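Read through the structure below, which is laid out as C-alpha cells, and then see the notes.
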Amino acid sequence: MRVGFIGTGEIAEAMVTGLAGQGHQIMISARNHEKASALAAGKMEVSIAENAEVVAQSEVVFLCLMANVARSLLADLPFRADQAIISVMVDLPLMELHQLCAPAQDIALTIPLSAIATGGSMLPVYPASAALQTLFGNSDTILPVVSEAALNAHFAGSALSAPLIALMQTGSAWLSQQTGDRRAAEKYVAGVFAGFLRQMSQQDVDFETLLTGLATEGGLNASLKSHMAQAGAHDALVEGLEALKPRLGL
C-alpha cells in the first residue's frame, strides 16, 4: 500500500519501523526535516515530502500531530474521498476530523504505543478500520471498541505505561543496589513481567488469576502488595486516571 505519515514524532517513527520491510511505499512529512531524515535513513521504501504531497500520493494517511497543530494544518491538505485516514491524536474528536479531512469519510482513531515498532502491541480502534487491519493485523492485536468514548477511555488506559514502567524502574534500581548490576536487574524485572504477560496472552488468564497465584499468605509478593495498598498506591492511581477524564470527555 501507499502509506503516508503527517508528523514525524516518536509514534510515527515506531509505526514506520513496524511497517518497514513489508513492501509498502511509505512517505513521511518533512515538517521536521532532521527527524524525517533520521527516520528515512536506511529504509529504501521510505521517502520524505511536503505534507500536501504525502496526502496526495497516499492511500492511507496516518495523522501523528498535536491537536493544535492539526487544527491549523489539516484543512489545507488535499484529502480525497477514496482515502483511509487514521488518527493517533488525543484531543481531536472524530467529528472534527471529518470536517478537517473532508471529503474523506473512512476515518478512524487508534492508540499506538512505541512497542508497535517490533509488533505484539494492542491497537484499540474506533470505528473499525480495514486499512489498520491490513497494515498491522498480522503483527499486532487490533481491538475494535464500541464508541469514541470507549476509545478515549483506552487513551487513559495507555497512560498506565509510564507509571507502571516507573515502578519497575524503581524496583530494579533497588535490586541493583543489592547486586551491583543495574542492567541485569532491569532485565530481570522486565523479564518477570514479560513472563506474566505471555501467560495472559497464551493461556487466556486474567489479572485476578495471576494475583491469586501470588497470594500465598506471608509470602513476599503478598507482603509487598499489602504494603503498597496501605501506602495508598492504588488509590493514587485511580485518582490520577479520574483526573484525565475531563480532558478525554469522559
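Normalised by the empirical 2.2 N^0.38 Å for globular proteins, what value does the Cα Rg of segment 59-118 take?
Working: Rg = 11.3 Å, N = 60, 2.2 N^0.38 = 10.4 Å.
Compared with the compact-globule rule of thumb, segment 59-118 sits at 1.09.
Kirkwood analysis of the Cα pair distances in segment 121-164 returns a hydrodynamic radius of 11.0 Å. Backbone amide hydrogens, once placed in the peptide plane, bring L109 within less than 5 Å of S87, Y126, excluding anything fewer than 5 places away on its chain.
When you work out D = kT/(6 pi eta Rh) for segment 165-234 at 10 °C and 1.306 mPa s, using the Kirkwood radius from C-alpha pairs as Rh and the Stokes-Einstein form, the result is 118 µm²/s. Given a 1.4 Å probe and every protein chain left where it sits, what share in percent of the accessible area of the chain is carbon and sulfur? Answer for the chain: carbon and sulfur cover 57 percent of the accessible area. The residues of the chain expose on average 56 square angstrom of accessible surface per residue, using a 1.4 Å probe on protein heavy atoms.
Semi-axes, largest first, in whole Å: what does sqrt of 5 times each Cα gyration tensor eigenvalue give for the chain? Each step should come with its number before you reach the end.
Details: eigenvalues 283, 90, 57 Å².
After diagonalising the Cα gyration tensor, the semi-axes are 38, 21, 17 Å.
D by Stokes-Einstein for segment 1-57, Kirkwood Rh over Cα pairs, 10 °C, 1.306 mPa s: 146 µm²/s. The lysines whose alpha-carbon is closer than 25 Å to the alpha-carbon of K225, local same-chain residues fewer than 8 away aside, are K187. When N counts the residues of segment 125-250, how does its alpha-carbon radius of gyration compare numerically with 2.2 N^0.38 Å, as a ratio? Here the answer is 1.30, to two decimals.
Across segment 72-87, rounded Karplus estimates of 3J(HN,Hα) from the backbone phi angles (6.51 cos²θ - 1.76 cosθ + 1.60, θ = phi - 60°) give 8, 10, 5, 4, 8, 9, x, 5, 10, 5, 8, 9, 9, 10, 10, 9 Hz, Gly and Pro being marked x.
Each distinct pair of alpha carbons in segment 63-182 adds a 1/r term; the inverse of their mean, the Kirkwood radius, is 16.1 Å. Kirkwood-type hydrodynamic radius, segment 1-118: 14.0 Å, calculated from all non-identical alpha-carbon pairs. Across segment 102-110, computed HN-Hα scalar couplings (Karplus, 6.51 cos²θ - 1.76 cosθ + 1.60, θ = phi - 60°) run 4, x, 4, 10, 7, 10, 9, 10, 9 Hz from first to last residue, x flagging Gly and Pro.
Sequentially through segment 203-216, phi angles give Karplus couplings (6.51, -1.76, 1.60; θ = phi - 60°) of 10, 6, 9, 10, 4, 4, 5, 4, 5, 4, x, 10, 9, 4 Hz, Gly and Pro residues having no value and appearing as x.
The values are calculated or read from the model by the stated rules, or taken from the named source; none is laboratory data. Please read these numbers as outputs of a predicted model, since none were measured by experiment. With ligands, DNA and RNA removed, areas are computed over all heavy atoms of the protein, side chains included. Shrake-Rupley method; radii C 1.70, N 1.55, O 1.52, S 1.80 Å.
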